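What follows is a set of notes on a single structure, which appears directly below.
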Amino acid sequence: MKTRDKILLSSLELFNERGERNITTNHIAAHLAISPGNLYYHFRNKSDIIYEIFQEYENLVDYYLDIPEDRAITLEDLTFYLESVFDGLWSYRFFHRDLEYLLDSDPRLRRDYREFTNRCLAAINRIFGKLAEAGIIEPQPEELRSAMSLNVWLVITNWMAFLKTAHASEESASLTLTELKQGIYQVLTLEIPYLTPEYRERVMVLREKYRPVLPEAAPA
C-alpha cells in the first residue's frame, strides 16, 4: 500500500476511534511511524486529509445508491440500500459526529457536502418512485415524495447524534454498528403509511429486525 493511502486509512481509523479534534498530523505520523515531513509531502494539512476522506465517502455512497433503471426494485434492493448507507455511516462515523464543525472549517467541504446532499436526496426520491412502480408503496405526488426523501435523509444523518444524546448518561457507553443500524427501523417507519396491502406485512417483518433497544431512564 502506498504511503498516501496508509495516511488516509490510518487517519480515518484514528478519527473514528478518538474524534477528529483530538488527532493532529503528528499523531497520524507517529501512528504510522513516519516523520511529519513525510506526511506533509503527501498532504499540506489535516484539512486536506479530511477532504480526501470525504471524497472517498461520497463516492462510496454514490455507488451504493446507483438505482437500477432496467428492472423493478425489490425489497431486497431496499434492504441493500439501507444496510449499505448505514455501513458507510459507520465506516466514516467521525464525519457525522462533528459535521457542523467540519463544514464550517473548510469551504471546499461545505460546498461538496451540499452537492452530495442534493444527490442523495435525488437518489432517495428515485427509490421512492421505483418502490411505487414495483407496487410496494402507493404512488405519491412529487411534492410529497420530496418531503419523504428529506425526512429519510434527516433520520439517516441525525440518528448517530440522537444515540449520543440518548446514551449521554452512561459513562462507559460507546456506539456500536448494531445500534447505528437500528436507524433503519426509523426509516422504514416513515414508509408505513404508504405501503400497499400486498407488501405491508413483509415490510413490517423487515422493520422489526432493526427495532431499537434504547437505554432505560434512570430512576428518580
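One line per residue, one yes/no per condition, for (1) of a type outside the set (G, A, S); (2) touching a helix residue (DSSP H, G or I) at 6+ places or on another chain (Cβ under 8 Å); (3) more than 20 Å from I73 (Cβ to Cβ):
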{"residue": "C120", "(1), (2), (3)": "yes, yes, no"}
{"residue": "F128", "(1), (2), (3)": "yes, yes, no"}
{"residue": "R145", "(1), (2), (3)": "yes, yes, no"}
{"residue": "V152", "(1), (2), (3)": "yes, yes, no"}
{"residue": "N158", "(1), (2), (3)": "yes, no, yes"}
{"residue": "I192", "(1), (2), (3)": "yes, yes, no"}
{"residue": "P197", "(1), (2), (3)": "yes, no, no"}
{"residue": "V205", "(1), (2), (3)": "yes, no, no"}
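Residues of region 46-67 include at least one that is assigned to a loop (DSSP other than H, G, I, E, B), among the β-branched types (V, I, T) and either assigned by TED's automatic domain parsing to the domain that holds V155 or closer than 20 Å to R108 by Cα (or both).
Scanning for something surrounded by fewer than 17 Cβ atoms within 10 Å (Cβ to Cβ) and closer than 24 Å to F116 by Cβ, does region 23-31 turn up at least one residue? No, because not a single residue in region 23-31 is surrounded by fewer than 17 Cβ atoms within 10 Å (Cβ to Cβ) and closer than 24 Å to F116 by Cβ. Contact map, region 1-13: first residue not assigned by TED's automatic domain parsing to the domain that holds F54 and of a type in the set (K, R), second residue surrounded by fewer than 21 Cβ atoms within 10 Å (Cβ to Cβ) and in a helix (DSSP H, G or I), Cβ cut-off under 8 Å, separation 6 or more or different chains; pairs are R4/H42; K6/L32. Annotation: of all residues in region 74-124 being among the small types (G, A, S) and closer than 21 Å to E13 by Cα, the one that is surrounded by the most Cβ atoms within 10 Å (Cβ to Cβ) is G88.
Of all residues in region 19-31, those satisfying the criterion of being under 23 Å from W90 (Cα atoms) and part of a helix (DSSP H, G or I) are E20, R21, N22, T25, H27, I28, H31. All of (1) in a helix (DSSP H, G or I); (2) under 30 Å from G135 (Cα atoms); (3) basic (K, R) hold for R71 with one exception: (1). All conditions but one from (1) modelled with pLDDT of 95 or more; (2) exposed (fewer than 15 other Cβ atoms within 10 Å of the Cβ) apply to D70; the one that does not is (1). Within region 122-135, the set of residues being hydrophobic (A, V, I, L, M, F, W, C) and within 14 Å of L190 (Cβ to Cβ) comprises I124, I127, F128, L131.
Taken together, the criteria exclude L103 from residues that are more than 27 Å from L195 (Cβ to Cβ) and not in a helix (DSSP H, G or I). A132 fulfils the conditions (1) part of a helix (DSSP H, G or I); (2) under 21 Å from E13 (Cα atoms) except for a single criterion, (2). Within the set E76, E100, E138, the sole residue that is over 26 Å from E208 (Cβ atoms) and free of Cβ contacts under 8 Å to residues at least 60 places away in the same chain turns out to be E100.
The values are calculated or read from the model by the stated rules, or taken from the named source; none is laboratory data. Note that the structure is predicted; figures quoted are calculated from it, not measured. All Cβ positions, glycine included, derive from the backbone under ideal geometry; neighbour counts span all protein chains shown.
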